[in-house]
1. What is the order of PHE182, PHE165, PHE141, PHE154, fewest Cβ neighbours within 10 Å to most?
2. Full extension from ARG69 to LYS33: what is 0.36 nm times the residue separation minus their Cα-Cα distance, to one decimal in nm?
3. I want to check the label-to-label distance for ASN249 and LYS59. Put each point 7 Å from Cα in the C-beta direction and report it in nm to one decimal.
4. From the square roots a ≥ b ≥ c of the eigenvalues of the alpha-carbon gyration tensor of region 124-172, which class results: rounded (a/c under 1.5), prolate (a/b over b/c), or oblate?
5. Report the calculated FRET efficiency for ASN41 and SER89 (r = Cβ-Cβ distance, R0 = 45 Å), to the nearest 0.05.
6. With +1 on the Cβ of every Lys and Arg and -1 on the Cβ of every Asp and Glu, and nothing else charged, how large is the dipole of the chain about its Cα centre, in debye rounded to the nearest 20?
7. List the DSSP H helices in the chain whose Cα atoms stretch 18 Å or more along the helix axis and whose mean Kyte-Doolittle hydropathy is at least 1.0.
8. Counting each DSSP H run of 4 or more residues in the chain as -39500 (n - 2.57), what helix-only mean residue ellipticity at 222 nm follows after dividing by all residues, to the nearest 500 deg cm²/dmol?
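Each value in this text was obtained by applying a stated rule to the coordinates, not by laboratory testing. What you see is a predicted model; the values in this text were computed from it and never measured. FYI the Cβ positions are ideal-geometry reconstructions off the backbone, even for glycines, and counts take in every protein chain you see.
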Amino acid sequence: MMESAVAKDLLAIKARNISKTFQISEDSHNTVKHRLFNLFNPPKTKYVPALKSLSLEIKKGECIGLLGRNGSGKSTLVKVLAGVYPTDSGYINIQGSTMLMNLGVGMSHELTARENIYVSGSVLGLKIKEIDAIFDEIVDFAELREFIDTKIKFFSSGMVARLGFSIAVKAGADIMFLDEIFAVGDVKFQEKAIKVFESSWIAGKTVILVSHSMDVIKKYCSRAAFMKNGELKFIGDTDIAIEMYMEDNH
Ligand SMILES: Nc1ncnc2c1ncn2[C@@H]1O[C@H](COP(=O)(O)OP(=O)(O)OP(=O)(O)O)[C@@H](O)[C@H]1O
């Protein structure tokens, strides 16, 4: 067995041989006629192997980039590591609290901004009193005070994303999975978001950054991983990972 190169207490994430396959049922029997003629021919099940026996180690305090073409498995990987999806097989060890951020995910559109702050905070493990204490900061950061009691189904997508970002900024976690977050809000909000990202996340947390922006990956990541068809093809030097990704795009 290969021994870990890094002492266990220095690792934030250790994953060994993790796999995830999605099952999709392809129901082509949409019409009554189709159904009648296909009574004995059930819908087909398709299997999508999104992660194929993948292993990686991420050190505490690292900012690591995750590259790969659409559908290569990046979002599935961060969701599995953040505990959103179970794996089919393999082993994952996470040291610290985790938070997954992507645009608007986890928000309930039938609830108001206020209610969403409390629900999201609870999901992140905060007690009601702890949410009370950061509530105003979240609302101010998101610049959504006048809409605080509005159901978020009436928000623009940028407003929903701002709310999600602000909750993540104020609630925080040891390990942040950031899936294409730099597209949040308008330019003014983006500048504010980058400032927070640089001062409190890059400086003090473990960050896994999914981005199609090579400039962002180059600027912040000490290492990067390249994925293709559910496999981790490379993890290491950022420039090499970027080169592999660029080649895969040709
Ligand atoms: N919930 C799901 N149910 C079924 N299949 C899924 C699901 N989520 C992802 N997949 C499939 O798994 C594969 C990997 O998808 P994933 O979203 O992880 O890719 P990605 O690298 O994040 O892509 P993108 O750059 O477009 O965000 C794709 O083939 C996708 O169709």
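1. Fewest-to-most ranking of PHE182, PHE165, PHE141, PHE154: PHE154, PHE182, PHE141, PHE165.
2. This chain segment gains 9.0 nm when fully extended.
3. 2.8
4. Values: a/c = 1.93, a/b = 1.69, b/c = 1.14.
It comes out prolate by the Cα gyration axes.
5. Approximately 0.90, to the nearest 0.05.
6. Dipole magnitude for the chain comes out near 680 debye.
7. Long hydrophobic helices here: 157-171.
8. One gets -10000 deg cm²/dmol as the mean residue ellipticity at 222 nm.
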